[in-house]
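Visitor: Can you read through this structure? Questions will come right after.
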Amino acid sequence: MTTFDEYKSKVSIIQVAEDLGYRLDKSKGRVSPTYKLFDANGNKTDEIIIKNPLNSSQQHYYDRNHKGGDLISFVKNHINDFPQFAHQNEYVRLNQILGHYANIPYIPKVEPLEKTFSAKQEFDRNRYTEVKPELKDLSFLTKERGLSPETVKEFLPFITKVKDNEVKGNFVNVAFPYHVPGKDDVTNYELRNYGFKGMASGGDKSNSVWLATKADMPGQVKNVYFFESAIDAMSFHEINKGKISLENSAFVSVGGYPSKNQISNTLKQFPTAVINTGFDNDINGRLYDIMTYGVAINKDIKITKKDDSYLFKLDEKSFELKKDDITLNRFKDEAGIKSKFGSVHKPNGANDFNEILKKNNEQSFSKGLKL
């Protein structure tokens, strides 16, 4: 297994920070470059200074509170920003994230400093060989993730398979193409395979989403459903078979954690639709419900994590809620907001809807054996 020291020699803090949305502030110089993170409204939410930028093994960072550490500390402090890498064991989860970045080529450290600190690597669709799959090519979805052939067939127009031509090996991943809502250009891929999940290198994670609908016009979409992954969206559709139709609904994946632009861009595309969420059944999922609601009602909600609670600020009001008490309804009560929202769907008894689907399949199989 790769050690943390080996990861530090392969992965730069800058590489991870840029992928999270941090941007270089050139006015602060480049000996110890400063990277800033902004929200969708242009408000700065974090700032870090990188020490030893040209030597990833020796790199350290300091944030605006003068706290910091090495690459491992940075990823650990931001581990909830990588929900696409899920595992109950934090050590395993760290290795998943670091292993992902260790396999993504980055600008060589021997190149001139100015080139080293150029903008985030751009998404190049030509880097990927895309193959439009048939149902028989998607056994990962049917056998590994428990989706029925009927469900996969229903979503087939919104699924592809891709090979990353810059990665060694002959791996062809199931891919869910991302677009800025209302536009046709592919700007990212949500990638899935046995033992692997991630996003395309350099892909637009801030503005683009995976979007599945068979409505001919945006105005025909009556409901929009937000999920953390395309597989969760498909699982939810199968669980609710016969109740929800792609002809008048839009299913959206944000690829893990949502950004305000992902939500607002989708709502602009479907301005008359009812907004619904199907995020995971954990604290992050409940916070994503609140974040989506804030964008929907055009309120800037600031959320700060405390020890075992979260501080919410909006307009002139602020209040704190214990972690286990946080729900969208509780937030609305405390905030005194009465604006309507659609439905908040949670996979009761499981973390996500794919887990529910697989449990249902197991129960059906067990019943069949008893007959």
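Visitor: Roll a 1.4 Å probe over the protein heavy atoms and report the accessible area of H87 in Å², nearest 10.
Guide: Roll a 1.4 Å probe over it and H87 shows about 90 Å².
Visitor: Turning to a different aspect of this structure: Give the whole-number value, in cubic angstrom per residue, of the convex hull volume spanned by the C-alpha atoms of the chain.
Guide: Roughly 164 Å³ of hull volume per residue.
Visitor: Hey, another quick one. Accessible area of the chain with a 1.4 Å probe: how many percent of it is carbon plus sulfur? Show your work: numbers first, answer last.
Guide: Values: 8950 of 18900 Å².
Its accessible area is 47 percent carbon and sulfur atoms.
Visitor: Assuming R0 = 45 Å, can you tell me the calculated FRET efficiency for the pair N361 and N298, based on Cβ-Cβ distance, to the nearest 0.05?
Guide: Working from the Cβ atoms, E equals 0.65.
Visitor: With a Förster radius of 22 Å, plug the Cβ-Cβ distance of K313 and K44 into 1/(1 + (r/R0)^6) and report the FRET value to the nearest 0.05.
Guide: Plugging the Cβ-Cβ distance into 1/(1 + (r/R0)^6) gives 0.90.
Visitor: Going by average Cβ neighbours within 10 Å, how do the peptides 274-281, 225-232, 334-341 rank, with the highest at the top?
Guide: Highest to lowest by the protection proxy: 225-232, 274-281, 334-341.
Visitor: Can you tell me what share of the DSSP beta bridges in the chain is antiparallel? A percent to the nearest 5 is fine.
Guide: Taking every DSSP beta bridge with both residues in the chain, the antiparallel ones total about 80 percent.
Visitor: Something else about it: Could you give the DSSP H helices of the chain that reach 15 angstrom or more along their long axis (alpha carbon positions) and whose average Kyte-Doolittle hydropathy is no lower than -0.5?
Guide: The answer, listed by residue number, is 90-102, 283-296.
Visitor: Quick one: Kirkwood hydrodynamic radius for segment 205-281, alpha-carbon pairs, angstrom, one decimal?
Guide: 12.3
Visitor: Moving on to the next point. Please report how far the C-alpha centroid of segment 195-210 lies from that of segment 278-328, rounded to the nearest whole angstrom.
Guide: Value for the Cα centre distance between the two parts: 24 Å.
Visitor: Same structure, new question: Compare N89, N265, N207 in a GNM of the chain, Cα atoms joined below 10 Å, and give the one with the largest fluctuation.
Guide: Sorting by GNM fluctuation, first place goes to N89.
Visitor: If you don't mind, another one. With +1 on each Lys and Arg Cβ and -1 on each Asp and Glu Cβ, and nothing else charged, work out how big the dipole of segment 221-267 is about its Cα centre, in Debye to the nearest 20. Mind showing how you got there, number by number?
Guide: Values: 4 positive and 4 negative charges, 31 e Å.
Charge dipole of segment 221-267: 140 debye, to the nearest 20.
Visitor: Roughly how many debye, to the nearest 20, is the charge dipole of the chain about its Cα centre, given +1 on each Lys and Arg Cβ, -1 on each Asp and Glu Cβ, and no other charges?
Guide: Dipole about the Cα centre, nearest 20: 160 debye.
Visitor: Here's a follow-up. For V172 and K243, what is the calculated FRET efficiency with R₀ set at 45 Å and r taken between the beta-carbons, to the nearest 0.05?
Guide: That gives a FRET efficiency of 0.85.
Visitor: Among A215, A175, A233, which one shows the highest mean-square fluctuation when the chain is modelled as a Gaussian network with alpha-carbon springs under 10 Å?
Guide: With Cα springs under 10 Å in the chain, the top fluctuation among A215, A175, A233 is at A215.
Visitor: Between Y128, Y194, Y293, which gets the highest mean-square fluctuation from a Gaussian network model of the chain, Cα cutoff 10 Å?
Guide: The residue with the greatest mean-square fluctuation here is Y194.
Visitor: At 1.4 Å probe radius, can you tell me the per residue accessible area of the chain in Å²?
Guide: Roughly 51 Å² per residue, with all protein chains present.
Visitor: Sort segment 222-345 into rounded, prolate or oblate with this rule: let a ≥ b ≥ c be the square roots of the eigenvalues of the Cα gyration tensor; rounded if a/c is under 1.5, and if a/c is not under 1.5, prolate when a/b is larger than b/c, oblate otherwise.
Guide: Prolate.
Visitor: Right, something else. Averaged over all directions, how much area does the convex hull of the C-alpha atoms of segment 152-229 cover when projected, in nm²?
Guide: 6.2
The values are calculated or read from the model by the stated rules, or taken from the named source; none is laboratory data. Quick caveat, the model's predicted, so the values are computed rather than measured. Because the Cβ atoms are built from the backbone with ideal geometry, glycine has one as well, and the counts that use them run over all protein chains shown. Accessible surface is based on the protein model in full, side chains and every heavy atom, while ligands, DNA and RNA are left aside. Shrake-Rupley method; radii C 1.70, N 1.55, O 1.52, S 1.80 Å.
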